[in-house]
1. Scan region 92-109 and tell me whether some residue there is assigned to a strand (DSSP E or B), more than 23 Å from ASP213 (Cα to Cα), among the small types (Gly, Ala, Ser) and over 17 Å from the mean Cα position of the chain (by Cα).
2. For region 342-394, enumerate the residues that are aromatic (Phe, Trp, Tyr) and in a loop (DSSP other than H, G, I, E, B).
3. For the structure I just gave you, tell me whether PRO51 is exposed (fewer than 11 other Cβ atoms within 10 Å of the Cβ) and at pLDDT 50 or above.
4. Testing GLY333 on (1) more than 21 Å from ARG242 (Cα to Cα); (2) over 25 Å from the mean Cα position of the chain (by Cα); (3) not in a loop (DSSP other than H, G, I, E, B), one condition comes back false. Which one is that?
5. Conditions first: (1) among the basic types (Lys, Arg); (2) farther than 18 Å from HIS205 by Cα; (3) surrounded by fewer than 24 Cβ atoms within 10 Å (Cβ to Cβ). LYS152 passes all but one, so which condition is the exception?
6. Please state which one of TYR224, TYR247 is at pLDDT 95 or above, part of a strand (DSSP E or B) and within 27 Å of ARG167 (Cβ to Cβ).
7. Take region 185-231 and flag every residue that is of a type in the set (A, V, I, L, M, F, W, C) and surrounded by fewer than 24 Cβ atoms within 10 Å (Cβ to Cβ).
8. Going by what's in this entry, would ARG326 be described as in contact with a strand residue (DSSP E or B) (Cβ under 8 Å, 6 or more places away or on another chain), among the basic types (Lys, Arg), closer than 25 Å to LEU443 by Cβ and modelled with pLDDT of 95 or more?
Amino acid sequence: MARLSGPGIAFALLFAVGCGSPAEAPRAAAGLGAMSAPKTHPAREPPPAEPAARERTQREAGATIVVPAGSLPQALATAEPGQTLLLGAGIHAGPLTLDRPVRLIAQPGAVIEGPGHGTVVLLEADGITLEGLEIRGSGGDLSHDDAVVRLKQSHDIRIADCRIKARAFGIYIEAGGGHRLERNQVVGDATLALASRGNGIHLWHTRDNTVRDNTLADVRDGVYLSFAHDNRIVGNRGRGLRYGIHYMYSERNLLRENHFSNGTGGIAMMFSMRNRVEANHTVNNRDFGILCQQLESSTVVGNHAERNGRGLFIEGSVGNRFADNRIRANGVGAFLTAASEANIFTGNIFDGNLVQVYQDRSAGNAWWQDGRGNAWSDYAGFDWNGDGVGESPYRLETAASALLARRPAARWFLLSPVLAVLDWWDAQMPSPAGPEAFDRFPLVVAAGRLP
């Protein structure tokens, strides 16, 4: 008998089990191989994650977490850096301390409310954002610097589109810097005496902040700076304040396009230097539009001061440049006192002030630069050659104007013969010889009209 080889044995086995003809053997052999292969199962879906695990995954991915009223402290305690917390409508109780970089954004109707004492929201980390919130309920103790929002030794914080209701300070920046405060509304307590209110936005020992397009009402000073340098204060508005902007011992700040009216004073700069004050509007303030008290090496350009007690009040200030400002309908256009020296005035428009200029104990100021003086609504000279400069100098002061500047009550005699006689007599006297007594290049506008 012939011996069967390996394939022959396989065919014999197939026949033995009745698998059919030899033609079917390859299929059967394939089926045999399949039968001997291990079985595979479809991959199972992972079990659904527990709620805590789902929330942890969302936090790690930086997703926005909706925070119902009453649960904000717990959400802050578990928030990851960079997390966005969307505050639902309702009251979120303070006080709160934010010690990590998170974003708090409000849904309509969300309010953070403090207990009525101390500070409501304390920010102690860099990179925090508060947006669209209403925050209220601070204390009213100015000696403890109670504030609605306090930024303490932090950097790069953004507070935008918030409504701040303050009994003491609104937003208080202490040290640190690089913050942005934009489009906020800060409202104080109108029932308090002005001196008992806090400042709307208070900057202390800080630098490189942007304070832009905020609205300030019923606070003491709108924006206050002390030892605050390299800041940009732009486009803010206030009405009925003590001072719209008040700053001391501060350098290299930009004040631009701010509007302040109906207060004690518009912008007050004290003991400061190297600042730029540009295109601001100060209107109908009782004492002054712009105060420069011991201001040095600064530029005041393109501002509009109208219907203030004094348009420019310059006291003990040295080496500043006042250019292209419009000083209109003030009690005194520019009041210089207390040894204000070496200041330059050029291109300004003095229009209809009761007294255009008064200089008391001040000397060495120049009322023109490079052949360009200032425009005066009461200039009586002519421009014969059409170069825009009057042929005769403008005398800055008369005996009558000096009397009116020192004794504002004398304005009741403005239309009487008394002041006319005084001016006539003064004209017969020798004119002051110093350059500070004249504008030697007065600007003349066509048809005698000021722009």
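The values are calculated or read from the model by the stated rules, or taken from the named source; none is laboratory data. Since the structure is predicted, the reported quantities are computational estimates derived from the model, not experimental observations. Quick reminder, even Gly has a Cβ in these numbers, built from the backbone with ideal geometry, and neighbours come from all protein chains shown.
1. The answer is yes; a qualifying residue exists.
2. Scanning region 342-394 gives TRP367, TRP368, TYR379, PHE382, TRP384.
3. yes
4. With (1) more than 21 Å from ARG242 (Cα to Cα); (2) over 25 Å from the mean Cα position of the chain (by Cα); (3) not in a loop (DSSP other than H, G, I, E, B) applied to GLY333, the lone miss is (1).
5. If we test LYS152 against (1) among the basic types (Lys, Arg); (2) farther than 18 Å from HIS205 by Cα; (3) surrounded by fewer than 24 Cβ atoms within 10 Å (Cβ to Cβ), just (2) comes out false.
6. TYR224
7. Selection gives VAL187, ALA190, LEU192, ALA193, LEU194, ALA195, TRP204, ALA217, PHE227.
8. Against the criterion (in contact with a strand residue (DSSP E or B) (Cβ under 8 Å, 6 or more places away or on another chain), among the basic types (Lys, Arg), closer than 25 Å to LEU443 by Cβ and modelled with pLDDT of 95 or more), ARG326 qualifies.
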